[in-house]
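Following: one structure in structure tokens, then a few remarks.
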Amino acid sequence: MNIKITGVGSYIPEVKVANIDFGKHVFLNEDGSPFSHSNEIVIGKFKSITGIEERRYAASNLCTSDLAFFAAQKAIENAKINPETIDYIILAHNFGDVRNNAIQSDTVPSIATRVKHKLQIKNPKCVAYDILFGCPGWLEGVIQATAFIKAGMAKKCLVIGAETLSRVVDPHDRDSMIYSDGAGATIIESVSGDYGGILAHESATFAYDEADYLFFGNSYNKECDPNIRYIKMHGRKIYEFALSNVPQAMASCLDKSGISIDEVKKILIHQANEKMDEAIVNRFYKLYDRKMPEGVMPMIITNLGNSSVATIPTLLDLLVNGKIEKQQIHKGDVLIFASVGAGMNVNAFVYRY
């Protein structure tokens, strides 16, 4: 059985927010004290570490479910399928529909149910549900869809990653510059008379010491309402965790697939931090006594920032459609997908395009 990605689509919000737009922000330390450096220096250091120059924010009238719907429409059209034939809609997000200038997350009904409604799918046997798995959520959704298809429970699945992180950031925290909004969607189905597809996968949750590396916390501005929480992270701990665990997960997955490291053409990794991603992939190749090949890791973080669960399906859509400069894939190419995020969760799968 060959389980393949037969349709791709993404929605990239139109609102561009450049680094310079943070120039007048009042960034504070965790204890509420002001930074000793100017915003110009802070932003410069941020760019050199993360690689981010600008990010995209959803228009004020749109929520996560809207972005997910737009991406889903494109994936369905790309796959040339009747949406009534979809067996599962699996939607990865983290914060639900957070309306502009609101303080509550809205997840009733589920975001997947809202997308099914927007798609006007009548078939009640098309089951729609959400998955909360941090930034690796879209990958985990693909892994679940693969399991459903292998078990004979489904033939076609729509897997979406969508998020509006701009609605849950603390404007006084410099880490707020990392996050962005977006959505990516894929159709996963069993394809006869073809070869390749998903060859192996790996998933893990590290929660003994690592559960709170990403968390919800108060604003660094002590004058803000203490009952309003924002996304926070222990950046150094996450960096060290990712370097220790993601390369191992990728290698374990590759070894399970029986594919040689020399056959890998592209690595589609969660776009969280350019330097961290480069370090992860370099360490992965070192496990096989190889050097990281030039161009193996396509990046979109420079202009799109970190849109969590949306980064990898968006990256895939742009790559498939030739919209990333000096990057392309061909039929038969071996790809590794890998992600790390809140939980702390790590996953990967090997795919022959």
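I want the antiparallel fraction of DSSP beta bridges within segment 2-193, as a percent rounded to 5.
On the way: 24 of 34 bridges.
Taking every DSSP beta bridge within segment 2-193, about 70 percent pair in antiparallel fashion.
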Relative to the longest principal axis of the chain, what angle (0 to 90°, nearest 10) does the C-alpha long axis of helix 274-286 take?
50
Restricting to segment 198-352, what percent of DSSP beta bridges are antiparallel, rounded to 5?
80
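So what is the diffusion coefficient of segment 199-353 in µm² per second by Stokes-Einstein at 25 °C and 0.890 mPa s, using a Kirkwood Rh over Cα pairs?
My calculation gives 148 µm²/s for D.
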Mind checking the angle between helix 39-50 and the chain's longest principal axis? C-alpha axes, 0 to 90 degrees, to the nearest 10.
20
Build a GNM of the chain with springs between Cα atoms under 10 Å: which of Lys266, Lys232, Lys80 gets the top mean-square fluctuation?
Lys80
Extent of segment 98-211 along each principal axis, from alpha carbon coordinates, in Å, largest to smallest?
54, 38, 25
Tensor-based shape of segment 310-353 (alpha-carbon gyration tensor, a/c under 1.5 rounded, otherwise prolate or oblate):
oblate
Looking only at Ile312, Ile41, Ile261, which one moves most when the chain is put into a Gaussian network model with springs between Cα atoms under 10 Å?
Ile41
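Take Tyr195, Tyr213, Tyr288 and order them by how many other Cβ atoms sit within 10 Å, fewest up front. Show your work: numbers first, answer last.
On the way: Tyr195 10, Tyr213 23, Tyr288 14.
So the ranking, lowest neighbour count to highest, is Tyr195, Tyr288, Tyr213.
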Out of Cys63, Cys224, Cys135, a Gaussian network model of the chain with alpha-carbon springs under 10 Å gives the largest mean-square fluctuation to Cys224
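According to the Cα gyration tensor, what semi-axes, each the square root of 5 times an eigenvalue, does the equivalent ellipsoid of the chain have, listed from largest to smallest in whole Å?
Details: eigenvalues 200, 123, 62 Å².
Equivalent ellipsoid of the chain: 32, 25, 18 Å, largest first.
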Inter-probe distance in nm under a simple model that places probes 7 Å from Cα toward Cβ, at Lys222 and Glu240:
2.8
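Please identify every one of the GluC sites (Glu not before Pro) in segment 238-305 that sits in a loop by DSSP and has no more than 13 other beta carbons within 10 Å of its own beta carbon. Please list the in-between numbers first.
Numbers: sites: Glu240, Glu263, Glu274, Glu278, Glu294; in loops: Glu294.
Those satisfying the criteria are Glu294.
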Tell me which residues come under 5 Å, amide H to amide H, from Ile131 once H is placed; ignore anything under 5 positions away on its chain.
Leu91, Ala92, His93
Neighbour counts of other C-beta atoms within 10 Å: give me Thr50, Thr314, Thr113, Thr186 arranged from fewest to most.
Thr113, Thr50, Thr314, Thr186
Filter on Lys47/Lys331; Lys265/Lys323; Lys232/Lys275; Lys16/Lys47; Lys291/Lys326 - keep pairs with C-alpha separation over 24 Å
Lys47/Lys331
In whole Hz, what ³J(HN,Hα) sequence does segment 237-249 give by Karplus (6.51, -1.76, 1.60; θ = phi - 60°), x for Gly and Pro?
5, 5, 4, 5, 4, 4, 5, 7, 10, 5, x, 5, 5
Translational diffusion coefficient, Stokes-Einstein: compute it for segment 2-193 using the Kirkwood radius over C-alpha pairs as Rh, at 25 °C and 0.890 mPa s, and state it as an integer in µm² s⁻¹.
137
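Taken together, the values in this text are just the output of simple stated rules run on the coordinates, not laboratory data. The structure displayed is predicted, hence computed values, not measured ones. Glycine also receives a Cβ, built like all others from the backbone with ideal geometry; neighbour counts cover every protein chain displayed.
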